[in-house]
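A.B. asks: Before I ask anything, here is the structure I am working with.
The values are calculated or read from the model by the stated rules, or taken from the named source; none is laboratory data. Keep in mind it's a predicted model, so treat the numbers as computed, not measured. Cβ placement follows ideal geometry from the backbone for every residue including glycine, while neighbour counts extend to all protein chains displayed. Ligands, DNA and RNA are stripped out before the accessible areas are found, and what is left, the full protein with its side chains, is counted by its heavy atoms. Shrake-Rupley method; radii C 1.70, N 1.55, O 1.52, S 1.80 Å.
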Amino acid sequence: GLHISQRNITVSTCGIVPRMYDLAKNKKDTVSFVLGEPDFVTPKHIIEAAKKKLDEGCTHYTDNAGILPLRQEISRALKQYDKVDYDPEGEIVVTVGGMMGMYMAILALVNPGDEILIADPSYTNYVGEIVMNRAVAVPVPVYEKDNFNFTYENLKSRVTDKTKAIILNSPCNPTGGVATRETMETVAKVALEYDLYVIYDAVYKHLIYNDTDYINIAVLDGMRERTIYVDSFSKTYAMTGWRLGYALGPVPVIAQMTKLHQYGIMSAPTTAQYAAIEALRNGDRDVEMMRGEYDMRRRLVVDSFNAMGLTCFEPLGAFYVFPCIKNTGLTSEEFCTRLIVDKHVAVVPGTAFGESGEGFVRVSYSYSIKHLKIALERIKEFLDELKKG
């Protein structure tokens, strides 16, 4: 009879999150902490730049790798901010969001059965993307005491002769952890020792707080030629719906990714590419404004959780906090289910991001202060009632 690909069957949807959504949507006054998406609308000047290009009739395909002026702007931005020099002609490809950059990077690197190391907990989509490319996701447990960063021991212990790459996400979803220079050096050391690629997902790099240093792993000795850097306009400029990102790396890998692009999608959306040029040229003030807002929300949420007795390491990047709920005696899933049922507040169980997420929940603070205050008040009531038993 007719069969669909076995590969797709083995990719599980992240079952927990849809279940939380279902529970939430049946309750009228549910306050959600679930979405990892800016609540800001794309800045007006970026929208205007896109409209202008539409009026001028810029509605055609672009190069597979994206329009050259955008690749030149990306190159300039990386040189300025990251201190890494990439050639717009052969080392940059414009993708449909950061997600496609990740997917194409994995597709370009792996043979069936190759292994890719990912942090546990980490962003839910990594596992799916790896499995869809017939590779094996190998979770590397990371711990709160290390700010959820890789250590040399835990990385090295998971390397086998099938390991091909390490996915490094900093700032990190779900924990909000930021890799220090020391962590980057650790990852580089393992990559060089075992001849591995690093796929560096930096989509939250402009959302780092407390003057914490940002470092691109590609600046370290021997790393530029083995790093595929993936970024996106989605989080930085509140452009999630424009579906635009980019990948940078050594010529052989980017050439493969560009070829795959040609067969997969032809090119990224043309209007979005023109909007992105405007974002890179004139969007710094918007980024600063949004980062200031997120930082205010971050302080509110972290302080509130700590005051309620849900200890919370300080997330220095992205827009998530990852409070520890072990002292409630509930599992992550029980906590989230009861919180929705009793208080109509939706948060994501840590286990959605890997087994090591047990005992934690992920709370997104990409919402207005008013929204956050209502939810935090309800969570406090929930905890008080739990204590009374």
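A.B. asks: With just the Cα atoms defining each centre, how far is segment 148-218 from segment 320-356? Give it in Å.
C.D. replies: Each part reduced to its Cα centre gives a spacing of 26 Å.
A.B. asks: Mind listing which chymotrypsin sites (Phe, Trp or Tyr not before Pro) in segment 115-168 are in a DSSP loop and have 16 or fewer other Cβ atoms within 10 Å?
C.D. replies: Working: sites: Tyr123, Tyr126, Tyr143, Phe148, Phe150, Tyr152; in loops: Tyr123, Tyr143, Phe148, Phe150.
Those satisfying the criteria are Tyr143.
A.B. asks: For Gly329, what is the net charge nearby, where nearby means another residue's Cβ is under 12 Å from its Cβ and Lys, Arg count +1, Asp, Glu -1? Present the calculation step by step, with values, prior to reporting the outcome.
C.D. replies: Working: positive: Lys326, Arg338, Lys387; negative: Glu334.
Net charge around Gly329: +2.
A.B. asks: Keeping every protein chain in place, order Asp384, Asp231 by accessible area at 1.4 Å, biggest value first, i.e. largest first. Display every interim value, and only then the final one.
C.D. replies: Working: Asp384 55, Asp231 5 Å².
The residues order as Asp384, Asp231, largest area first.
A.B. asks: Could you pull out every residue, at least 5 positions away or on a different chain, whose amide H is within less than 5 Å of the one on Thr163? Hs are placed 1.01 Å off N in the peptide plane, and Pro or chain starts have none.
C.D. replies: Glu115
A.B. asks: Still on this structure: Using the Karplus equation 6.51 cos²θ - 1.76 cosθ + 1.60 (θ = phi - 60°), what ³J(HN,Hα) coupling, rounded to whole Hz, does each residue of segment 171-178 give in order, writing x for Gly and Pro?
C.D. replies: x, 9, 9, x, 8, x, x, 10
A.B. asks: I've got another one for you. In the structure displayed, which of Lys343/Lys373; Lys44/Lys205; Lys326/Lys388; Lys235/Lys370; Lys83/Lys259 lie more than 25 Å apart, Cα to Cα? It would help to have the intermediate numbers written out before the result.
C.D. replies: On the way: Lys343/Lys373 14 Å; Lys44/Lys205 22 Å; Lys326/Lys388 17 Å; Lys235/Lys370 21 Å; Lys83/Lys259 28 Å.
Violating the 25 Å limit, Cα to Cα: Lys83/Lys259.
A.B. asks: Take each uninterrupted DSSP H stretch in the chain, measure its Cα extent along the helix axis, and return the ones at 15 Å or beyond whose mean Kyte-Doolittle hydropathy is at least 1.0. Present the calculation step by step, with values, prior to reporting the outcome.
C.D. replies: Numbers: long enough: 44-55 (16 Å, -0.78); 68-81 (20 Å, -0.67); 97-109 (19 Å, 1.60); 181-194 (20 Å, -0.28); 251-264 (19 Å, 0.16); 270-282 (19 Å, -0.17); 284-308 (36 Å, -0.84); 332-343 (16 Å, -0.22); 369-388 (28 Å, -0.40).
Those that clear 15 Å and a mean of 1.0 are 97-109.
A.B. asks: I want the local charge near Val140. Using Cβ-Cβ distances under 13 Å, sum +1 for each Lys or Arg and -1 for each Asp or Glu among the other residues. Walk me through the numbers before you get to the answer.
C.D. replies: On the way: positive: Lys156, Arg158; negative: Glu115, Asp120, Asp146, Glu153, Glu355.
In short, -3.
A.B. asks: Rank-order 95-101, 127-133 by packing density, defined as the average count of other C-beta atoms within 10 Å over each peptide's residues, highest first.
C.D. replies: Values: 95-101: 24.3, 127-133: 19.7.
Going from most to least packed, we get 95-101, 127-133.
A.B. asks: Hey, of (i) 18.9; (ii) 20.7; (iii) 22.2, which did the structure itself give for mean projected area of the Cα convex hull in nm² when calculated?
C.D. replies: Here the calculated entry is (ii).
A.B. asks: Taking only protein heavy atoms into account and a 1.4 Å probe, give the accessible area per residue of the chain in Å². Could the numbers behind the result be given before it?
C.D. replies: Details: 16970 Å² over 389 residues.
Per residue, the chain has an accessible area of 44 Å².
A.B. asks: Turning to a different aspect of this structure: Show that you can apply the helix-only estimate: for the chain, add -39,500 (n - 2.57) for every DSSP H stretch of four or more residues, divide by all residues, and state [θ] at 222 nm to the nearest 500.
C.D. replies: Details: 13 runs with 164 residues, N = 389.
Computed mean residue ellipticity for the chain: -13500 deg cm²/dmol.
A.B. asks: Can you say what percent of the DSSP beta bridges in the chain, counting only those with both residues inside, are antiparallel? Round to 5.
C.D. replies: The antiparallel fraction comes to roughly 40 percent.
A.B. asks: Continuing with this model, one more query. Which residues' amide hydrogens lie under 5 Å from the amide hydrogen of Val138, considering only partners 5 or more residues apart or on another chain, with H built in the peptide plane?
C.D. replies: Placed amide hydrogens put Ile116, Leu117, Ile118 under 5 Å from Val138.
A.B. asks: Still on this structure, I have one more. Out of residues 5 or more away from Ser232 or on other chains, whose amide H comes under 5 Å of its own, with H placed 1.01 Å from N in the peptide plane?
C.D. replies: Tyr246
A.B. asks: In whole Å, what is the distance between the alpha-carbon centres of segment 264-304 and segment 68-119?
C.D. replies: 18
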